[in-house]
Every structure is written in C-alpha cells, then in structure tokens.
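Reading through the structure tokens given below for one structure.
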Amino acid sequence: MAEAQARQHGGNAGDDPAMAEGGVRFEVDGEIATITLDRPEKRNAQTFATWSALARIGETLPERVRVVVVKGEGPSFSAGIDLRMFTAEGVPGQGSFGSAAKSDGASFEQSIRRAQAGFLWLRRPEIVSIAAVQGHAIGAGFQLALACDLRIVADDVSFCMKEPALGLVPDLTGTKPLVELVGLAKAIDICLTARTVHADEAMRIGLAERVVAGGDLEQATREKVEQLLSTNRDAAAATKRLLQGAQGRTLEEQSRAEGIEQAARIKALFG
Ligand code: CAA
C-alpha cells in the first residue's frame, strides 16, 4: 500500500519508458528508494540508456528519500558495459565505440560526462546509497557498486575492473572510491591485472562492509537500511558532509568544519 502510494506521489520514474530502455526499475517506498538493474537475461549489461536512466533518477529523487538501494536482478549484479558497444552495429539508437571514435573528441567526452552523472549523485550527503551485490560486478558494474557509499555482498560476488584488459580506462567515477577504499597499490593491482576479487578478499581490503550467503542478501540490506533510518535525518546528512570532506582538510580545518555543523545542529534543535 505504502509503495503503491509512493508510486502515485512524487517523483517515481518507474513508468518512464526511458527506464525500460535503460533496463532499470525504480521504486520509492517512503524514505527508501530502490534501483534495480533489470536485464538479468543479459546479466544487467549497461548501456548509455542505463546511465541516462540513473541520472534521471538522481534528478527526480523525492526529497523524502534517505536511503537508496542499488541492486541487480538475477545471478549477476552487472556484467558491465553492453558488449554490443564494441561491435560495428552498436546498441540500436545509441551507436558504438566505432561511431564515437569518428566523432570529435569533445562531444564524446561530453557523453561520458553525462554517463558519469548517473553515478555521481549517489554520493549526495542527503542520502546513503547501498549496493547489494551478488555474482559478477564487472567494469561498469564494479564502478556502480563503487559509486555507492556502502557495499553489502553475497558470498559469490566477483568484482573485476576489466577495462584495462579491453584497452579502456575505468571512467564511470570508480577510480577515486577504489583508491580511497583499498589504497593506491591495491587499486593498481586490481585494475592493471583486471583480476577478480572474491568475497573474502573484498571484505578484507575494505571493498565490502559485509558478506552474507546469497539467500540472505535482501535481509542483510534491509537490516542496514533500518539501521541507517534510525538516526536523525539532518544530523546524518551533516555527518556525511563532514566525513566526505575529512580527507581533503587538515585537522585544524576539519575541526572548524565540525564546529560549524554542530552550531547549525544546536540551533536547529534548541534555537
Ligand atoms: N554485454 C552484453 N551481453 C552480455 C554481457 C555484456 N557485458 N554479459 C553477458 N551478456 C549476455 C551474454 O551474451 C548472454 O546472452 P545470450 O544468452 O543471448 O547468449 C547472456 O548475457 C548470459 O551470459 P553468459 O551465458 O555468459 O552468462 P554467465 O553467467 O555464464 O557469465 C559473465 C556471466 C561472466 C558476466 C559473462 O557473461 C561475461 O564475461 N560477460 C562479459 C563481461 C565483460 O567483459 N564486460 C565488459 C566490462 S568492461 C566495462 O564495463 C567498460 C566500461 O565501462 C567502459
């Protein structure tokens, strides 16, 4: 009932044909939004339409949403970019890398910027994004998981940054979170060998917050959502802003930032 109402009111893009073209489902239930990559028969391969759909969700996300869950239907979270992009025919209506190579560099860079918009918004301080990852998370799939704040993974997960093996670079906003999570040396190792990272290593090196049996992924994600919703909304956003800014600031600057955020909180709570 709550979900049906949420569909009727406020920003649910679930009925949007662009979502279907991108192979994406989107549902809002109160403070929780769920994005499902929904092309399991193609292992949730992603196209430019997928990235436009993700960007559109970010643009229209109802303000009440506090937690965004990103998941994949079927055995794999996502097998990465749709390999038809590497063929002469390309993806119908979306071209191919061959056609992109013939266009001027600036316009292709612009398409990449648009694609990245689908990943960037998942870091907004007002929300916490959780990737629930099972099976393969390859290339763009790995980067989508990296775009989320937290990763809860099934024990069959296999992360692989395949791009360098294909002559490409990871360009969907994944390189920064990867380095921040696992460190430069491990990120170089993972990307430049295009090797697979399985669940036990993912947990050990900080790629995953929690590993669960495949059948428990949904429940484990739900538990994390409930924990996240148990804190104060505005304090959570302010704290995330502080945490996100911490690495780029000196201790002195960070302390000042803490004071500014706290003064605003005290004013809101007791003023
Ligand atoms: N693009 C398009 N179709 C894909 C696909 C992809 N990335 N991955 C899988 N599929 C399709 C297969 O062609 C197959 O379709 P048909 O049934 O019509 O033949 C279907 O999905 C099922 O695939 P498999 O039978 O191979 O399924 P599997 O479970 O045995 O294996 C897999 C899964 C290991 C993911 C394997 O499909 C695979 O290796 N896929 C390719 C992965 C890949 O190289 N992705 C590119 C990453 S690089 C990237 O993402 C670059 C970027 O961002 C710029």
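The values are calculated or read from the model by the stated rules, or taken from the named source; none is laboratory data. Keep in mind that this is a model prediction, so the values were computed, not measured. We place every Cβ from the backbone using ideal geometry, glycine too, and count neighbours over all the protein chains shown. Remember, those area values only see protein heavy atoms, side chains included, never the ligands or the DNA or RNA. Shrake-Rupley method; radii C 1.70, N 1.55, O 1.52, S 1.80 Å.
Just to be sure I understand the filter: pairs with C-beta atoms under 6 Å, separated by 6 or more residues or on different chains, first member in the stretch 203-231 and under 27 Å from Ala185 (Cα atoms), second member part of a loop (DSSP other than H, G, I, E, B). Which pairs pass? Within 6 Å, the pairs are Val211/Asp155. Taking the criterion of being open to solvent by 10 Å² or more (accessible area, probe 1.4 Å) and either assigned to a loop (DSSP other than H, G, I, E, B) or not assigned by TED's automatic domain parsing to the domain that holds Glu209 (or both), the residues of the stretch 119-128 that qualify are Arg124, Pro125, Glu126. Ala131 meets each of the listed conditions (1) open to solvent by 20 Å² or more (accessible area, probe 1.4 Å); (2) within 16 Å of the ligand (Cβ to nearest atom); (3) outside any helix (DSSP H, G or I) apart from (1). Applying the condition of being assigned to a loop (DSSP other than H, G, I, E, B) and within 17 Å of Leu83 (Cα to Cα) to the stretch 143-171 and asking which residue is farthest from the ligand (Cβ to nearest atom) yields Gly167.
Residue count for the stretch 202-233 under the criterion of being acidic (Asp, Glu) and under 16 Å from Ile138 (Cα atoms): the result is 0. Number of residues in the stretch 135-159 that are more than 23 Å from Ser52 (Cα to Cα) and surrounded by fewer than 24 Cβ atoms within 10 Å (Cβ to Cβ): the value is 5. Arg64 meets the conditions (1) open to solvent by 40 Å² or more (accessible area, probe 1.4 Å); (2) assigned to a helix (DSSP H, G or I) in every case but one. The failed one is (2). For Leu229, the stated conditions hold: it is open to solvent by less than 70 Å² (accessible area, probe 1.4 Å) and at pLDDT 95 or above.
Look at the stretch 151-163: where a residue is small (Gly, Ala, Ser) and a partner is part of a loop (DSSP other than H, G, I, E, B) and open to solvent by 10 Å² or more (accessible area, probe 1.4 Å), sitting 6+ places away or on another chain with Cβ atoms under 8 Å, you get Ala154/Gln134; Ala154/Ala213.
Screening the candidates Leu251, Leu178, Leu243 for the property of being out of contact with any strand residue (DSSP E or B) (no Cβ under 9 Å at 6 or more places or on another chain), within 16 Å of the ligand (Cβ to nearest atom) and hydrophobic (A, V, I, L, M, F, W, C) yields one hit, Leu178.
Among the residues of the stretch 85-111, just one is closer than 30 Å to Ala199 by Cα and either within 20 Å of the chain's Cα centre (by Cα) or buried (at least 17 other Cβ atoms within 10 Å of the Cβ) (or both), namely Met85. Return a yes/no flag: does the stretch 160-169 have any residue that is in contact with a helix residue (DSSP H, G or I) (Cβ under 7 Å, 6 or more places away or on another chain), of a type in the set (D, E, K, R) and open to solvent by 30 Å² or more (accessible area, probe 1.4 Å). Among the residues of the stretch 160-169, not one is in contact with a helix residue (DSSP H, G or I) (Cβ under 7 Å, 6 or more places away or on another chain), of a type in the set (D, E, K, R) and open to solvent by 30 Å² or more (accessible area, probe 1.4 Å), which makes the answer no.
Matching residues to (1) modelled with pLDDT under 95; (2) closer than 20 Å to Met19 by Cβ; (3) basic (Lys, Arg):
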{"residue": "Ala49", "(1), (2), (3)": "no, yes, no"}
{"residue": "Ala53", "(1), (2), (3)": "no, yes, no"}
{"residue": "Val65", "(1), (2), (3)": "no, yes, no"}
{"residue": "Ser99", "(1), (2), (3)": "yes, no, no"}
{"residue": "Ser103", "(1), (2), (3)": "yes, no, no"}
{"residue": "Ser111", "(1), (2), (3)": "yes, yes, no"}
{"residue": "Leu122", "(1), (2), (3)": "no, yes, no"}
